[in-house]
1. What helices (runs of 4 or more DSSP H) lie completely within region 247-339 and have 3 or more residues being in the same structural domain as Gly185 (by TED's automatic domain parsing), of a type in the set (Gly, Ala, Ser) and touching a helix residue (DSSP H, G or I) at 6+ places or on another chain (Cβ under 8 Å)?
2. When region 117-158 is examined, which residues are found to be within 16 Å of ligand 2 (Cβ to nearest atom), among the small types (Gly, Ala, Ser) and more than 13 Å from Ile99 (Cα to Cα)?
3. Against the condition more than 20 Å from the chain's Cα centre (by Cα), modelled with pLDDT under 95 and closer than 26 Å to Val233 by Cα, how does Arg133 come out, does it pass?
4. Gly25 is checked against (1) at positive phi; (2) assigned by TED's automatic domain parsing to the domain that holds Gly210 and fails just one. What number does that condition carry?
5. Which of the residues that make up region 152-169 are under 18 Å from Val300 (Cα atoms) and not acidic (Asp, Glu)?
6. Right, Glu299: closer than 19 Å to Ile165 by Cα, buried (at least 24 other Cβ atoms within 10 Å of the Cβ) and touching a Lys or Arg at 6+ places or on another chain (Cβ under 9 Å) or not?
7. Please go through region 38-72 and give me each residue that is touching a Pro at 6+ places or on another chain (Cβ under 6 Å) and part of a loop (DSSP other than H, G, I, E, B), ordered by number.
8. Scan region 313-335 residue by residue and report those that are buried (at least 16 other Cβ atoms within 10 Å of the Cβ) and in contact (Cβ under 8 Å) with a residue 24 or more places away in the chain.
Amino acid sequence: MIAVVKESATEDQIGHFVDWIESKGLRADISKGTGETIIGLVGDTTQIDPFLVESMDIIDRVQRVSEPFKRANRKFHPLDTVVDCGHGVKIGGGNFNVIAGPCSVEGENLFRIARAVKEAGATLLRGGAYKPRTSPYSYQGMGEAGLDLLAEARDELDMPIVTEIMDPRDVQQFVDRNIEVWQIGARNAQNFPLLKEVGKTQTPILLKRGVAGTIDELLMAAEYIMSEGNPNVILCERGIRTFERRTRNTFDLNAVPVLRQLSHLPVCADPSHATGYTRYVVPMALAATAAGADCLEIEVHDDPSHAWSDGAQALTPKMFREAMARIAKVREAVAGEVE
Ligand code: PEP
Ligand code: MN
């Protein structure tokens, strides 16, 4: 349920209303937009009489929100959320960003790749230190040593880091190194204890859609994080599993405008995991940009044939540089339409 507050309402009156909501065992989510204040009632609202709320002096109107996701819902928060990733990088609300780097952190080559992607215009550096692999015999990532390398690259290049967290027991390692953006991978999109744990921080979370997850399941995963108090969630479409075998996954680009419609959270798109092949990454990066993504995540490796994971979908730094120039042109062409 949302209550739209009259413009004449004072802070004091809004405060009393919030106390009343809380006395009913609910939580109030206040969103101040341009000219309108919206108070979202979160929790079991079946005991609340909407007519009673509507009859209150400061309330303009009341609307039931039927979707099970509340805090992630645009009805609760009409304006786009802007997630501040530090180092001057903000995602959402018209701010477009590109996250780039290798699939895995492998060693000193991280610095070469990081410098190249930064020079080409990437604004965040990615690299996995903990890798969710289908086989337990595949490379599992450098772990803490990988996080150290990422932090070193971040300090050298003054750009925020994006790296995957797989285990709630690793939170302290990420906090100690001030990792700016924690990625929740597709395989953990419904790992509820992990979602709750990262929800207890204020760290920006790049939340990937599950391999076979629906859009609503992605939004409910975001809700898990937000319900613990962390509003800084970036949703990421990374391809879903279908009957198609010519690509690693099927890039559900519908999800980009659908998520932007349903939610105020920034939307990222990952054409690397979505397609699985280098030759398809750039066309789909352009398509995702045209569809209105707030952010792209692209894997880049300086020697893809020797990459420790996902070499088949990596762009070289040169390909990435050329892609960035084309992405900029698409942004220019669609500017205004998708914001
Ligand atoms: C990754 O970003 O390297 C990754 C493993 O992504 P996903 O969870 O989308 O497969
Ligand atoms: Mn990868």
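The values are calculated or read from the model by the stated rules, or taken from the named source; none is laboratory data. What you see is a predicted model; the values in this text were computed from it and never measured. Cβ atoms come from the backbone with ideal geometry, glycine included; neighbour counts cover every protein chain shown.
1. On the way: elements: 255-262, 271-275, 278-291, 317-334.
Qualifying helices (runs of 4 or more DSSP H): 278-291.
2. Once the filter is applied, which keeps residues that are within 16 Å of ligand 2 (Cβ to nearest atom), among the small types (Gly, Ala, Ser) and more than 13 Å from Ile99 (Cα to Cα), region 117-158 yields Ala129, Ser135, Ser138, Gly141, Gly146.
3. Details: more than 20 Å from the chain's Cα centre (by Cα): yes; modelled with pLDDT under 95: yes; closer than 26 Å to Val233 by Cα: yes.
Yes.
4. (2)
5. Answer for region 152-169, where residues must be under 18 Å from Val300 (Cα atoms) and not acidic (Asp, Glu): Ala153, Arg154, Leu157, Met159, Pro160, Ile161, Val162, Thr163.
6. On the way: closer than 19 Å to Ile165 by Cα: yes; buried (at least 24 other Cβ atoms within 10 Å of the Cβ): yes; touching a Lys or Arg at 6+ places or on another chain (Cβ under 9 Å): yes.
Yes, satisfied.
7. Initial filter on region 38-72 (touching a Pro at 6+ places or on another chain (Cβ under 6 Å)): 62.
None; the set is empty.
8. Keep residues of region 313-335 that are buried (at least 16 other Cβ atoms within 10 Å of the Cβ), which gives 313-317, 319-321, 323-324, 327, 330.
Correct list: Gln313, Ala314, Leu315, Pro317, Met319, Phe320, Arg321, Ala323, Met324, Ile327, Val330.
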